[in-house]
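Written below as structure tokens is the structure these notes are about.
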Amino acid sequence: MLKSLLLATGITGFMVAGSVTAQAETLADAMISAYKTSNLLEQNRATLRAADEGVAQAVAALRPVVQWTASYGWTKSEGVSSLTGRDVTSEGSSATTALSASITLFDFGRNRLTISSQKEAVLATRETLRSIEQQVLLATVQAYSDVKSAQEQVAINQNSVRVLQEELNATNDRFDVGEVTRTDVSLAEAQLASARASLVSAQGSLETARESYKASTGHYPGKLAPLPPAPNLPKSRDEASSTAQRNHPAIKSLQHSVAMAEIAVKSAKAEKLPEITGSVSLSNDEGGYVGQAASIGMTQTIYSGGTLDSAYRQAVASRDSSRAELRQEAVDVVQAVLTSYASIDVYRAQIRAYDEQIRAAQVAYDGVKEEATLGARTTLDVLDAEQDLLDARANRITAEADLQVAYYQLLSNMGLLTVENLKLGIPTYDPAAYYNAVHNAPLTSIRGEKLDKVLRAIGKQ
């Protein structure tokens, strides 16, 4: 019954790409950690279990309600007898126990409609949970990419500081022998100060990224593996859009919301119909008197000042609103898919362009630096060439991180960014397990043993 409940104990899984050593934490490891430790996921799993109980309560409404009562009373009265004129005092006590049961015999389907509505609410909440799972995993991808990008930005800025320090030293040496002027030294000093400021900024961005990583995964990043290859993506925009319209959790959740709204219209209409109830009772008082009673009653609202008609019109309006919201969500999802596709194309093109820029900037920098030693180039020329190379490398790092996030953003917009679809190889939370245990409103008895097992499996008992 519990095919894949997420256990509280640590179950690890690794997806190592290329020649990365096992010690390096991969993107898959980070997503596994986020899935296991997310408080947001735990919150929404509990919300789903609460929705499951709504079905149990609706089912219970079809069953008898049995109650017992016990009462004890004591009375005392004092006064003057009208016959004798004497003071009279009387007191007494009474005790009664009673057992009663009542049940709805026929309500023209109102309770059945409530059960159907609660089931749709459960299905909608399951889709909300799947949407939250996608948010958690996408935030982890963003955090992982940000840390990798920030680490590389720090590295190139550290290298830039080192290179500019060497350039300043060389410029000072050339100034000492009269090959350059004080202006050249000042330019080198200014460029070095700027590089140091950029390094501090990059280090600050890395600390910020580390905190975001911890918030997503539950721990600070250690040694991170390189960004993995692109995940499996659809072959075309049309395929991606079609998949999204069939599978996106927001669309599926709204489909169930529309179904609930349809049921609400039927329920509002059924409120005008009669209801038949039955009851039996058994009582016993202190004197041994036993009372028995049974009754069947039928009630129907004849006039309510327009309340029932207004409730029906309100339900119809809510249904129409839900339908329109569903249609608009489909438009928004397709737009998001196509936007993600465009972003991927843009980032890929940027990376190719930056690769060409880096190659050309490296050749230019090497040439300008060599020409400067021969006096054909100024210090400013060397510094400008070095800055162009640094900018190209930094831009490529940013584009690479943005491309990685765009891959998974596309999967999310298609409704495919889940642990199961990514094949991360860990047990996942089964949203149907708790429902299967409670939807028939089990009693705290042998029938409740299945529920006890489920609660123990998810660490709630």
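The values are calculated or read from the model by the stated rules, or taken from the named source; none is laboratory data. None of these values were measured; they are calculated from a predicted model. Because the Cβ atoms are built from the backbone with ideal geometry, glycine has one as well, and the counts that use them run over all protein chains shown. These accessible areas exclude ligands, DNA and RNA; they are computed on the full protein's heavy atoms, side chains included. Shrake-Rupley method; radii C 1.70, N 1.55, O 1.52, S 1.80 Å.
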Considering only residues that are under 30 Å from Tyr407 (Cβ atoms) and of a type in the set (Val, Ile, Thr), look in segment 302-355 and name the one that is surrounded by the fewest Cβ atoms within 10 Å (Cβ to Cβ). Val331
Residue check, Thr104 open to solvent by less than 80 Å² (accessible area, probe 1.4 Å) and touching a Lys or Arg at 6+ places or on another chain (Cβ under 9 Å): yes
For segment 37-53, which positions are touching a residue at least 60 places away in the same chain (Cβ under 8 Å), of a type in the set (Gly, Ala, Ser) and assigned to a helix (DSSP H, G or I)? Ala51
Which residues, taken from segment 208-243, are farther than 13 Å from Ala143 by Cβ and in a helix (DSSP H, G or I)? Arg237, Asp238, Glu239, Ala240, Ser241, Ser242, Thr243
Residue pairs, Cβ under 7 Å, 6 or more apart or interchain, first in segment 202-215 and under 23 Å from Thr37 (Cα atoms), second among the acidic types (Asp, Glu). List them. Ala209/Asp146; Ser212/Asp146
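Rundown of residues vs (1) closer than 30 Å to Thr125 by Cα; (2) touching a residue at least 40 places away in the same chain (Cβ under 8 Å); (3) open to solvent by 50 Å² or more (accessible area, probe 1.4 Å), yes/no style:
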| site | (1), (2), (3) |
| --- | --- |
| Lys223 | no, yes, yes |
| Leu227 | no, yes, no |
| Pro231 | yes, yes, no |
| Pro234 | yes, yes, no |
| Gln245 | yes, yes, yes |
| Ser257 | yes, yes, no |
| Val265 | yes, yes, no |
| Ser279 | no, yes, no |
| Glu286 | no, yes, yes |
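The rows are residues; the columns are (1) within 30 Å of Ser236 (Cβ to Cβ); (2) in contact with a His (Cβ under 7 Å, 6 or more places away or on another chain); (3) touching a residue at least 12 places away in the same chain (Cβ under 8 Å).
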{"residue": "Leu338", "(1), (2), (3)": "yes, no, yes"}
{"residue": "Val346", "(1), (2), (3)": "yes, no, no"}
{"residue": "Gln350", "(1), (2), (3)": "yes, no, yes"}
{"residue": "Arg359", "(1), (2), (3)": "no, no, no"}
{"residue": "Ala364", "(1), (2), (3)": "no, no, yes"}
{"residue": "Glu370", "(1), (2), (3)": "no, no, no"}
{"residue": "Gly375", "(1), (2), (3)": "no, no, yes"}
